[in-house]
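The structure appears below as structure tokens.
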Amino acid sequence: MVEQTKNNHRSKRIASLLREKAAEFFRTAAKPYPLITVTRVNISSDQQYAEIMVTVYPETEETTTVEFLQRKRGELNDHLKKHTRLGSIPFMKIAVDQQEKKRQRIDHLTKNL
């Protein structure tokens, strides 16, 4: 049980670090347009895979932006190796955060009641 808690804490720290460093990299790679926000990072229990969840504004740029970011994963790996002390960098997938979009939609609808 202690080992599982230790791994969970480590996974959370790695996810937080990946979120911060990915946002930093995306800010420089994509320039100011479109606006890309890293909302969260889901990491596998073995820490070999990570899913970076993003939102993109304007929404019309989502598909092309995610495709662009997917192509930049090699450069993101290099950035992470250079700016972190992680022993191994997880294989990363980048996707639009649908949960965040739904949450924003609900917020918008409740404000207009």
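Of the residues Thr84, Thr55, Thr64, the single one that is hydroxyl-bearing (Ser, Thr, Tyr), over 14 Å from the mean Cα position of the chain (by Cα) and closer than 17 Å to Arg19 by Cβ is Thr84. Candidates in the stretch 87-109 are the residues that are free of Cβ contacts under 8 Å to residues at least 24 places away in the same chain and among the hydrophobic types (A, V, I, L, M, F, W, C); of these, the one that is farthest from Arg19 (Cα to Cα) is Leu109. When you scan the stretch 20-29, do you find a residue that is at pLDDT below 90 and surrounded by 13 or more Cβ atoms within 10 Å (Cβ to Cβ), even just one? The answer is yes, given that some residue of the stretch 20-29 is at pLDDT below 90 and surrounded by 13 or more Cβ atoms within 10 Å (Cβ to Cβ).
From the residues in the stretch 87-107 that are aliphatic (A, V, I, L, M) and at pLDDT 90 or above, which one is nearest to Pro58 (Cα to Cα)? Ranking the candidates gives Val96 first. Scanning the stretch 19-35 for residues that are without any contact (Cβ under 8 Å) to a residue 24 or more places away in the chain and among the aliphatic types (A, V, I, L, M) gives Ala23, Leu35. Given the structure, is Glu51 surrounded by fewer than 19 Cβ atoms within 10 Å (Cβ to Cβ) and under 22 Å from Pro32 (Cα atoms)? Judged against the criteria, Glu51 is not a match.
This table checks each residue for (1) free of Cβ contacts under 8 Å to residues at least 12 places away in the same chain; (2) surrounded by 16 or more Cβ atoms within 10 Å (Cβ to Cβ); (3) in contact with an Asp or Glu (Cβ under 8 Å, 6 or more places away or on another chain); (4) of a type outside the set (Val, Ile, Thr).
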{"position": "Thr55", "(1), (2), (3), (4)": "no, yes, yes, no"}
{"position": "Thr63", "(1), (2), (3), (4)": "yes, no, no, no"}
{"position": "Asn77", "(1), (2), (3), (4)": "no, no, no, yes"}
{"position": "Leu80", "(1), (2), (3), (4)": "no, yes, no, yes"}
{"position": "His83", "(1), (2), (3), (4)": "no, no, yes, yes"}
{"position": "Lys111", "(1), (2), (3), (4)": "yes, no, no, yes"}
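Within the stretch 41-62, the residues that satisfy the criterion of being part of a loop (DSSP other than H, G, I, E, B) and not small (Gly, Ala, Ser) are Asp46, Gln47, Gln48, Pro58.
The values are calculated or read from the model by the stated rules, or taken from the named source; none is laboratory data. Note that this is a predicted model, so its numbers are computed, not measured. Note that each Cβ is placed from the backbone with ideal geometry, even for glycine, and that neighbours are counted across all protein chains shown.
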